[in-house]
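The values are calculated or read from the model by the stated rules, or taken from the named source; none is laboratory data. It should be emphasised that the depicted structure is a prediction, and the values quoted were computed from it without experimental measurement. Methodologically, a virtual Cβ is constructed for each residue, glycine included, from the backbone with ideal geometry; neighbour enumeration extends over all protein chains shown.
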Amino acid sequence: MDHRGELILDAVSDGIYGIDSEGRATFVSRAGARMIGWEPSEMIGQLMHDVLHHSKPDGAAYPLDECPIYATLADGAVHRIDEEVFWRKDGTSFPVDYTSTPIRDKSGRLLGALVTFRDITRRKQSENALRDSERRYRSLVEAARDVIVTLSAEGRITSLNPAFEAVTGWSRDEWLGQSFEPLVHPQDLPMVLQMFQQTLIGKLNPAYEARIRSRSDKYLVGEITATPQIEAGRVVGALAFVRDVTRRKELEEQLAQTQRMELIGRFAGGIAHDFNNLLTAIIGFSELVMSDLSPDSALRPDLEEIKKTGERASALTKQLLAFSRKQVLQPRLLYLNDVVQKMLGLLQGSEAENIALTTRLSAVLGWIKIDPVQIEQVILNLVVNARDAMPEGGTITLVTDNVNLDGAHAQEHIGARPGAYVMLQVIDTGLGIDAYIRPHIFEPFFTTKKGKGTGLGLATVLGIVQQSGGHITVSSERGKGSTFSVYFPRVNEAVAPVKPRPAFTEVLEGTETILLVDEEKAIRELARRTLKTKGYAVLEASNGLHALAICDRNDSIDLVITELVMPDMNGLQLADRLKAMRPEKKVLYMSGYIDSSVAEDGILGENAAFLSKPFTALDLARKVREVLDG
């Protein structure tokens, strides 16, 4: 080779060497020698197959008859090999692409071959890195819990990950190549299309929500983010991520509903407190006036109607207090099966002939701690609600059982805590509840009975259950009946033996001294007149400090009747101060309402004497005699 040829060879970055008809090197470019770690002069005359081909890429021995160079020497044709392995002098290897081209003389006789090769290490590294990246990407896409979808510029689905099937129930094959539009709720489609068009012009949109149709034709709420897909500098489609936030939206709605109910409850509780004081006066003074009238007085019917109206209003305020969780509760250990059995006679007697009342009561049931009157109210209200849902008749089933709620079950509804519960279910075969109505059924004054109800039945149930530390859920479908499940915390307290109650006597008079404590003058006046007619000596105080001062001067007070909710010093605080002064002092609490200043949960001690406002003169006289004789 002349000097000009050597210069050309040395200027080429690819490796080049020539071989004779036996495969021995006749020349080697400097670039080629550097790649394999030899000096060009060291390689001249050597069999290049032995120098370069120690093994195949898979590590197997490289037979001579498979060497492309010898193939060229045999058939005189050009042979190209991609991704071959060459070995360096130091024993290391590197990947190459190489070509073997025949060398002929002027007469066409085959003299040898020219071999050109290129080190493709960097290319292989890039390809491997790309494959690794693609593999990781595929793994992420395949394992992602969010739906990942690619769309063409025409809005056709070009790819979907497995989460699409898990979330929507659809098969991916059903939607590949199809337009995405039928998957979107018709009301949300204009917004989604607008966002899609924004993406196609390269804009990034904030995450937005749209309803996505599942295979069952129910809609889930999807939180969507989309980015443009760009190829060769232009947008060719969109990549979208869709997260199923249906459960989150339901919980947000439940939380908002709970907060609305809490606000309504506070408002209702405050009103009910004031109304109970007014109604106590209205009912009580009506009785006092009637007691002075002759049986045939023309005024008696009017006064009786005033009293009846006041009593009906009183029932409504009690329901409002139950809803707002502002009732005074006196819980006791109860066996729920006993309560259900006790009420069966009343419930069966009140049901229509076309309604069957059945029970499935657990043979072994835990104990609960709840106000007996309130649990009876819960059962009654739920059964009445079930009856009203079956105008054509049906079956109401009362079920009791022990239930353990784990963390997953407890999260199904706001307010529930994991733990052991006693469950009461009221199951009906009635009309069921539409999905859009269910979120509102516990709201006060919400009713679908078209003037037949106050809308406080289920609101009362909710308030009682929550104030008792329990939890209620509803499952229902239109035309398939409803199931109300109430969970009361199971308790492990020892059940004390029931003490026999003293025989009731109708002798309501007495000569004891009684102190009345209430900031409402009308209540004190009513109670004073009622008790004085029964022979009692009556003292009055408008607040706790005034009451303490009177007790400090008078040792003859046998009973203190005090309102529970008072400013500065509530009834419980007053009783504690009095007990410190006179441990034997008897106390009767009265109230139509309780707030956090008295007791956060509204619970009085089981043995505390309590009279609920509004009360009648007879109620007051009986309760006073019961406490004094107790």
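Here is how the numbers come out for the structure above:
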| read-out | value |
| --- | --- |
| All strands (runs of 3 or more DSSP E) inside the stretch 69-131 with 2 or more residues being among the polar types (S, T, N, Q) | 93-104 |
| LEU559 touching a residue at least 40 places away in the same chain (Cβ under 8 Å), among the hydrophobic types (A, V, I, L, M, F, W, C) and part of a strand (DSSP E or B) | yes |
| Any hit, the stretch 43-51, residues being surrounded by fewer than 13 Cβ atoms within 10 Å (Cβ to Cβ), part of a loop (DSSP other than H, G, I, E, B) and either of a type in the set (Val, Ile, Thr) or at pLDDT 90 or above (or both) | yes |
| Filtered residue count, the stretch 231-254, keeping only those that are in a strand (DSSP E or B) and modelled with pLDDT of 85 or more | 11 |
| Qualifying residue in the stretch 398-409 (condition: in contact with a Lys or Arg (Cβ under 6 Å, 6 or more places away or on another chain) and modelled with pLDDT of 90 or more) | yes |
| Any hit, the stretch 186-197, residues being touching a residue at least 40 places away in the same chain (Cβ under 8 Å), surrounded by 13 or more Cβ atoms within 10 Å (Cβ to Cβ), under 15 Å from ALA240 (Cα atoms) and over 29 Å from the mean Cα position of the chain (by Cα) | yes |
| Hits in the stretch 208-254 (condition: of a type in the set (Asp, Glu) and over 22 Å from ALA166 (Cα atoms)) | GLU231, GLU252, GLU253 |
| Flag if VAL495 is of a type in the set (A, V, I, L, M), out of contact with any Pro (no Cβ under 7 Å at 6 or more places or on another chain) and at pLDDT 80 or above | no |
| In the stretch 370-397, residue modelled with the highest pLDDT [restricted to those that are touching an Asp or Glu at 6+ places or on another chain (Cβ under 7 Å) and closer than 26 Å to ARG490 by Cβ] | ILE396 |
| Residue match in the stretch 123-138 (condition: without any contact (Cβ under 8 Å) to a residue 60 or more places away in the chain, in contact with a helix residue (DSSP H, G or I) (Cβ under 9 Å, 6 or more places away or on another chain) and either within 25 Å of GLY177 (Cβ to Cβ) or surrounded by 15 or more Cβ atoms within 10 Å (Cβ to Cβ) (or both)) | no |
